[in-house]
Number of protein chains: 2
Amino acid sequence: MRTLDQARLPQPDLAEVEIGTVLQALADPVRLQIVRLLSRQGTAACGELDVPVKRSTVSHHLRTLRETGLLETHLKGNTRVSKVRREELDRRFPGLLASILDAAPAVPAAPPEEEPGGADGER
Amino acid sequence: MRTLDQARLPQPDLAEVEIGTVLQALADPVRLQIVRLLSRQGTAACGELDVPVKRSTVSHHLRTLRETGLLETHLKGNTRVSKVRREELDRRFPGLLASILDAAPAVPAAPPEEEPGGADGER
């Protein structure tokens with residue numbers, strides 16, 4: 001009979017979560033974007049997240065992120081409101097989330113260089 | 001006509017590598033173990049890495065890690081010797097590798113608690 005945590009959806013104890021599980025969860029670009037947005041916004045419901053996928057997909061990703069231990073989700077009436085478990089994550093994996101969220105985007109790959117005068121027919 | 005880099009296998013420019021690609025590569029426990037071992041050992045050939053998988057699997061993972069941008073591999077005679085691109089990685093993703101390599105292993109999940117006197121037949 002839980003009373004205090006009644007409105008909080010189930011989530012793992014971070015001590016039991018392997019780093020590989022967290023990396024796997026954040027390797028997906030949409031899930032990473034969700035964590036980025038939630039880190040900035042503080043808390044958000046599914047429909048409040050500006051990501052270029054269907055709402056059902058966002059909902060699925062939110063569930064994955066909660067089950068992985070990255071998000072905490074509370075029921076407020078009929079709405080599920082999520083936030084990043086930032087302090088707990090920083091204790092369990094010091095520096096990890098900061099380094100991932102601060103990563104600069106990649107620059108597009110440059111076209112392959114042609115050696116001056118070195119072309120030998122393979123065009 | 002490359003001369004200086006003749007013995008180095010192809011590798012991406014880290015500026016062109018997305019954080020998600022790196023996370024995906026390190027999410028695999030064997031690949032993470034390989035990077036951990038190489039970080040400690042400095043350099044190693046495929047057969048010098050103590051991981052619980054077949055040598056052909058290690059070889060495949062080494063290739064994935066090189067193509068992702070995590071490792072640099074040189075041909076020395078018939079041997080491929082790899083090392084972590086640590087300095088470059090630290091410049092591109094500050095703090096990332098340290099936080100991942102320093103992560104403590106997870107503790108096994110505790111068995112579900114039974115509420116004293118709260119059992120209602122579901123054993």
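Taking the solvent-accessible surface of protein heavy atoms with a 1.4 Å probe, what is the per residue accessible area of region A:10-91 in Å²? About 52 Å² of surface per residue is accessible. Going from the isolated chain to the complete set of protein chains, region A:17-50 loses at least 30 Å² of heavy-atom accessible area (1.4 Å probe) at A:18, A:19, A:23, A:24, A:27.
What do you get for the angle between helix B:55-68 and the principal long axis of chain B? Use alpha-carbon atoms, 0 to 90 degrees, nearest ten. Taking Cα atoms only, the helix is inclined about 80 degrees. In the protein assembly as shown the Cα-Cα distances spread across 5 Å bins starting at 0 as 1, 5, 11, 14, 14, 13, 12, 9, 7, 5, 3, 2, 1, 1, 0, 0, 0, 0 percent of all pairs. With helices as the sole contributors, chain B gives -11500 deg cm²/dmol at 222 nm; each DSSP H run of n ≥ 4 counts as -39500 (n - 2.57), and the sum is divided by every residue. For chain A, the relative contact order is 28 percent, taking Cα pairs closer than 8 Å that sit 6 or more residues apart in sequence and dividing their mean separation by the residue count. Here the protein assembly as shown has 50 percent of its accessible surface on carbon and sulfur atoms, given a 1.4 Å probe and all protein chains in place. The charge dipole of the protein assembly as shown, taken about the Cα centre with unit charges on the Cβ atoms of Lys, Arg (+1) and Asp, Glu (-1), comes to about 80 debye, rounded to the nearest 20.
Listed values for region A:8-19 are Karplus-derived 3J(HN,Hα) couplings in whole Hz (6.51 cos²θ - 1.76 cosθ + 1.60, θ = phi - 60°), namely 9, 6, x, 8, x, 6, 5, 4, 8, 9, 7, 4, and x replaces Gly and Pro. Take the accessible area of chain A alone and of chain B alone, subtract that of the pair, and you get about 2000 Å² summed over both chains, using a 1.4 Å probe.
Start at zero, step by 5 Å, and the Cα-Cα distances of region B:14-101 spread as 3, 15, 28, 28, 16, 8, 2, 0 percent across the bins.
Bridging of residue B:83 to lysines at a Cα separation below 30 Å is possible for B:54, once same-chain residues fewer than 8 apart are set aside.
The values are calculated or read from the model by the stated rules, or taken from the named source; none is laboratory data. It should be emphasised that the depicted structure is a prediction, and the values quoted were computed from it without experimental measurement. Virtual Cβ from ideal backbone geometry, glycine too; neighbours counted across all protein chains shown. The protein model used for the area step is the full one, side chains on, heavy atoms only, and it has no ligands, DNA or RNA in it. Shrake-Rupley method; radii C 1.70, N 1.55, O 1.52, S 1.80 Å.
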